[in-house]
Amino acid sequence: MAIERNPWRALGALCVGYFMILLDMTIVAVANPAIMSGLNTGVPQVIWVTSAYLLTFAVPLLITGRLGDRFGPKYLYLVGLSVFTLASLWCGLAGSIGSLIAARAVQGLGAALIAPQTMAVIGRIFPWDKRGAAMGVWGGVAGIATLVGPIFGGLLIDNGGWQWIFYVNVPIGLIAIVLGAWLIPVLPTNGHRFDIPGMIVVAIGMSALVFGLQEGNTYHWAGWVWGLISGGLAILALFLVYQGRTKIEPLVPLGLFRNRNFSLGNLATGALGAAMTAQMVPSYFYLQAVRDLSPTKAALVFAPMAVVSAILSPVVGKLSDRVPPRYLLTFGFALFTLAVLWFIGLATPHGSIALMCVMSVLCGIGSSCIWAPLPATALRGLPLRQMGAASGIYNTTRQVGSVLGSAGIGALLTARMAAHSLPVSAGEGHLPEPFKTPYASALTDSLYLTVILLAVCAVTAAFFTSTTTVGTASSPAGRKAQEDLAVQQ
């Protein structure tokens, strides 16, 4: 006799691993100045600590989602946790910037195994009318990690050194492995043929594009840099053509993009991933280098955003099951855009920190209207048998956006610092008073990239539809199939 399982317990276990990934990303954002000082490096190199992680996170996602369908999302999740935990230990032991970048690349591989499994399991174990609430909890975890990461990271950096921001992942990873093995159900698997040539092609294209964007300023935008960028774009275009014609099961089933919300959701999540990466790097450099705040105090400026997001995300998640998605999402993106514009106006050498905290509250309200409704809307209406592939594509798009955002903000920061006659090592240690005004200007100039990206998200969200596809997870037949599957688990 089949035993009915409580999907909320499994969600709790999944959220621990998801929390660890997000904790790591937010901690590193606040640690960049300390890493620069501790390893005697500059802005272009320390940006690669983030970009290497995001690149190796993004590229394998297309296949790790399928691996979860083939071998079971539970097992891929546990393997990913093991890789991530061991790589975190390596990061803490790294004695050079090169070793740290290599360790972060391995961390990214572990994260790539974890991320698509969380969304795929949620999509498979929750009935359609509870999925928004589940995604709300999932989004609330993002808010908590955004809060805990910078503050906890600041305390660790202030009292123990930047290495401890990676050591902290080890006990969390071990707890996540135990909970995952205990609480996550073993779900039915599907046979897949893996498109290894496609994986190699997309890896080459992404690597060329990101390296060209990030190192362009270092090499003065030489002809070969533009060749890398254009070549990477051309290879990615060929990859999409190949996916439409291959006889092997494609990494990217292009038919999924016939679903309007899935297509718009991928565009929005890619731009959002880029915007978030592009926002945090210059913001923390400003608070620490220009305003002379410690890592802990800098993190506290953005704490209201995380608190508000964590509180409101579950509420908004339940609401998203009843309200047309375009209303919540358009409001959220528009408010977030206006808040970042306000921060740009405040970010001077003597701007009001109190008003920045108010700005952070507005960012929290906006982000709470995004994190739960966006993935729920993008995946609603898709066939259950394609949930792994769809989750992999969605996560890939978000991480590709983050990679390009990291590369773009690195190039833009370097360019704006050069335009203001600042050395690339500015921001390492105490910043002399004469440098503070031009340094703040360089940082706020770069933040307009975030504004543009969030505005794109707001426009995209206005075109989401409330209609669903017949025969999918949101139709009566699809709901019945999904509920039957949940009971069989």
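The values are calculated or read from the model by the stated rules, or taken from the named source; none is laboratory data. Just so we're clear, the structure is a prediction, and the values are computed from it rather than from any experiment. Methodologically, a virtual Cβ is constructed for each residue, glycine included, from the backbone with ideal geometry; neighbour enumeration extends over all protein chains shown. What goes into the accessible areas is simple: the full protein's heavy atoms, side chains included, and nothing from ligands, DNA or RNA. Shrake-Rupley method; radii C 1.70, N 1.55, O 1.52, S 1.80 Å.
Residues that are among the acidic types (D, E): find the helices (runs of 4 or more DSSP H) completely inside the range 35-122 holding 1 or more of those.
Working: elements: 43-58, 61-71, 73-93.
The qualifying helices (runs of 4 or more DSSP H) are 61-71.
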Subject >> Candidates L312, L319 - the one that is modelled with pLDDT of 85 or more, under 27 Å from N266 (Cα atoms) and part of a helix (DSSP H, G or I) >> reply: L312
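Do we find that I144 is open to solvent by 20 Å² or more (accessible area, probe 1.4 Å), part of a helix (DSSP H, G or I) and at pLDDT below 85 in this structure? Walk me through how you get there before you give the answer.
Numbers: open to solvent by 20 Å² or more (accessible area, probe 1.4 Å): yes; part of a helix (DSSP H, G or I): yes; at pLDDT below 85: yes.
The answer is yes for I144.
Condition test on S99, is it farther than 18 Å from T277 by Cα, touching a residue at least 12 places away in the same chain (Cβ under 8 Å), surrounded by fewer than 19 Cβ atoms within 10 Å (Cβ to Cβ) and polar (S, T, N, Q)? First the steps, then the outcome.
Numbers: farther than 18 Å from T277 by Cα: yes; touching a residue at least 12 places away in the same chain (Cβ under 8 Å): no; surrounded by fewer than 19 Cβ atoms within 10 Å (Cβ to Cβ): yes; polar (S, T, N, Q): yes.
So S99 does not fit the description; no.
Determine which member of the set L384, L355 is farther than 20 Å from T465 by Cβ, at pLDDT below 90, open to solvent by 10 Å² or more (accessible area, probe 1.4 Å) and of a type outside the set (F, W, Y).
On the way: L355 fails: at pLDDT below 90.
After applying the criteria, what remains is L384.
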Original post:
Restricting attention to the range 297-305, does a residue exist that is at pLDDT below 85 and in a helix (DSSP H, G or I)?
Top reply: yes
**OP:** Please go through the range 244-262 and pick out each residue that is at pLDDT below 85 and polar (S, T, N, Q).
**Re:** T246
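Is there a residue being assigned to a helix (DSSP H, G or I), in contact with a helix residue (DSSP H, G or I) (Cβ under 9 Å, 6 or more places away or on another chain) and closer than 18 Å to G205 by Cα anywhere in the range 251-264? I'd like the intermediate steps shown before the answer.
Pass one, the range 251-264, residues assigned to a helix (DSSP H, G or I): 254-258, 260-264.
Subsequent filtering for residues that are in contact with a helix residue (DSSP H, G or I) (Cβ under 9 Å, 6 or more places away or on another chain) retains 254-257, 261-264.
In the following step, the residues that additionally are closer than 18 Å to G205 by Cα were identified as none.
Looking through the range 251-264, none of the residues is assigned to a helix (DSSP H, G or I), in contact with a helix residue (DSSP H, G or I) (Cβ under 9 Å, 6 or more places away or on another chain) and closer than 18 Å to G205 by Cα.
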Original post:
Do you know which residues across the range 33-81 are open to solvent by 10 Å² or more (accessible area, probe 1.4 Å) and at positive phi?
Top reply: N40
Subject >> Test result for A339, surrounded by 21 or more Cβ atoms within 10 Å (Cβ to Cβ) and either of a type in the set (D, E) or in a helix (DSSP H, G or I) (or both) >> reply: yes
Subject >> Test result for V361, surrounded by fewer than 17 Cβ atoms within 10 Å (Cβ to Cβ) and part of a helix (DSSP H, G or I) >> reply: yes
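Taking S360, is it over 27 Å from K130 (Cβ atoms), in contact (Cβ under 8 Å) with a residue 24 or more places away in the chain, among the polar types (S, T, N, Q) and in contact with a Phe, Trp or Tyr (Cβ under 6 Å, 6 or more places away or on another chain)? Even if it seems obvious, please write down each step before you answer.
Values: over 27 Å from K130 (Cβ atoms): yes; in contact (Cβ under 8 Å) with a residue 24 or more places away in the chain: yes; among the polar types (S, T, N, Q): yes; in contact with a Phe, Trp or Tyr (Cβ under 6 Å, 6 or more places away or on another chain): yes.
Criteria met by S360.
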